[in-house]
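The values are calculated or read from the model by the stated rules, or taken from the named source; none is laboratory data. Small disclaimer: the values here were computed from a predicted structure and weren't measured. Here the Cβ positions follow ideal geometry from the backbone for every residue, glycine too, while neighbour counts run over all protein chains shown.
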Amino acid sequence: MIDLRSDTVTRPTPSMREAMEKADVGDDVFGEDPTINQLQEKVAAITGKEDGLFVASGTMANQVSIKTHTQPGDEIILETGSHIFHYESGAPAFLSGVQLQTINGKHGVITSKQIEAVIRPQSMHCAQTRLIWLENTHNRAGGTVFPLEEIRKIRVLSDSHALFMHLDGARLWNAHIATGIPLSEYARYFDSVSVCFSKGLGAPVGSMILGSAEFIHRARRIRKIFGGGMRQAGIIAAGALYAVEHHISRMKEDHDNARFLAEILSALPGVHVDLTSVQTNIVYFDVSQTGKNGDTIQELLQKNGVQVISVGPTRLRAVTHLDISRQQIEQAAIVFKKIFQ
Ligand SMILES: Cc1ncc(COP(=O)(O)O)c(C=O)c1O
């Protein structure tokens, strides 16, 4: 089976498993797990932040960050397709009692002008705008990269209104590889950043929150409240550490494979791909012109050995990753041609 459903389906490589087996461990709730401490220091250094906090998942990284920044009744401004709006089970309302103000972006990008227009006045009648939330790369928009120039403008705006900024950087590694812009250059404009090790980097578990030492100190308490304090979790952190040390630069292969696949798909009858949105490792394609719906196409592909995800009535997603070689992409292309021609 060629599994293109998500970059989360990767399994740890033999060398990664070896690193995990040999990991030094301790009680991380006491701050005594040497492997976790090493990972936190390393990722804080490469993102230019003071400190990092290892957490179980991207969702936990995002939700702990929201809780640390906000009070109930606050409002977060974000793009309509954001992961926290669609795929985190209503957690911002459930866990932090905040409301979300969405803005329609283009390729997941919202502008400082759009944001400025929806910042609430300081009034007892209004929710309090507290946090600006960006996602880079943007999953639902197709793994698209948020331009640094716009991030800079948004930072100026947020400073002038005393707002915080968070970056959902679950796939920030991909943005870095696609543009060559250092992770630290992206991260410096944000008060907090979340990154994931279990997506394109191929580790089995784990994410991290990055920020000032003071922010991470407060986030550590929220992590405990949310039940996210782990003990000898250095075993999993070792997989993440291995991934950070060995799997960042190879992501270019995933991007090249995604582009190759997108170009083949876009030439097939009835299939539409917005090639401008294929900037990293995610390919969305629309099959409305084939007369079939997404679920039917997903089933047909699956029967022929290729897995993708149907994400709308006629919209599907294919993602390239560590466990997918160029040869497998070529095989998948043969299956796509068979189904659509
Ligand atoms: C942009 C983004 N943020 C956060 C998450 C949540 O990560 P997790 O599945 O580890 O909770 C995902 C998951 O795909 C994501 O794409």
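Listed conditions (1) of a type outside the set (Gly, Ala, Ser); (2) assigned to a helix (DSSP H, G or I); (3) under 21 Å from His107 (Cα atoms) are all met by Phe336, apart from (3).
So that you can scan it fast, the table gives a plain yes or no per residue for (1) part of a helix (DSSP H, G or I); (2) within 23 Å of the chain's Cα centre (by Cα):
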residue: Pro12; (1), (2): no, yes
residue: Val25; (1), (2): no, no
residue: Glu41; (1), (2): yes, yes
residue: Ala44; (1), (2): yes, yes
residue: Thr59; (1), (2): yes, yes
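Scanning the stretch 134-186 for residues that are in contact with a strand residue (DSSP E or B) (Cβ under 7 Å, 6 or more places away or on another chain), within 19 Å of Arg259 (Cβ to Cβ) and among the hydroxyl-bearing types (Ser, Thr, Tyr), we see that the one that is farthest from the ligand (Cβ to nearest atom) is Thr144.
Among the residues that make up the stretch 125-132, is at least one of them polar (S, T, N, Q) and out of contact with any Asp or Glu (no Cβ under 6 Å at 6 or more places or on another chain)? I'd like the intermediate steps shown before the answer.
Residues of the stretch 125-132 polar (S, T, N, Q): 128-129.
Of the ones still in play, those that are also out of contact with any Asp or Glu (no Cβ under 6 Å at 6 or more places or on another chain) are none.
No: zero hits.
The residues listed here are Ile76, Ile36; of these, the one that is touching a Phe, Trp or Tyr at 6+ places or on another chain (Cβ under 6 Å), over 26 Å from Leu241 (Cα atoms), of a type in the set (A, V, I, L, M, F, W, C) and buried (at least 21 other Cβ atoms within 10 Å of the Cβ) is Ile76. Counting only residues that are touching a Lys or Arg at 6+ places or on another chain (Cβ under 7 Å) and part of a helix (DSSP H, G or I), the stretch 27-39 holds 2 of them. Evaluate the following for Leu4: is it in the same structural domain as Gly180 (by TED's automatic domain parsing), surrounded by 17 or more Cβ atoms within 10 Å (Cβ to Cβ) and not hydroxyl-bearing (Ser, Thr, Tyr)? Criteria not met by Leu4. For the stretch 285-299, check the following and say yes or no: at least one residue is touching a Leu at 6+ places or on another chain (Cβ under 9 Å) and within 19 Å of Asp323 (Cα to Cα). No, because not a single residue in the stretch 285-299 is touching a Leu at 6+ places or on another chain (Cβ under 9 Å) and within 19 Å of Asp323 (Cα to Cα).
Evaluation of Lys113 against the conditions (1) in a helix (DSSP H, G or I); (2) more than 16 Å from the ligand (Cβ to nearest atom); (3) in contact (Cβ under 8 Å) with a residue 12 or more places away in the chain shows that the sole unmet condition is (3). Under the condition of being among the charged types (D, E, K, R) and either within 16 Å of the ligand (Cβ to nearest atom) or touching a residue at least 40 places away in the same chain (Cβ under 8 Å) (or both), the residues counted in the stretch 78-110 number 2. Checking the stretch 190-206 against the condition returns a match, with at least one residue being in the same structural domain as Glu21 (by TED's automatic domain parsing) and either more than 15 Å from the ligand (Cβ to nearest atom) or without any contact (Cβ under 8 Å) to a residue 24 or more places away in the chain (or both). There is no residue in the stretch 262-270 that is in a loop (DSSP other than H, G, I, E, B), within 15 Å of the ligand (Cβ to nearest atom), surrounded by fewer than 18 Cβ atoms within 10 Å (Cβ to Cβ) and free of Cβ contacts under 8 Å to residues at least 40 places away in the same chain.
Checking each residue in the stretch 82-96 for being in contact with an Asp or Glu (Cβ under 8 Å, 6 or more places away or on another chain) and assigned to a loop (DSSP other than H, G, I, E, B) picks out only Ser82.
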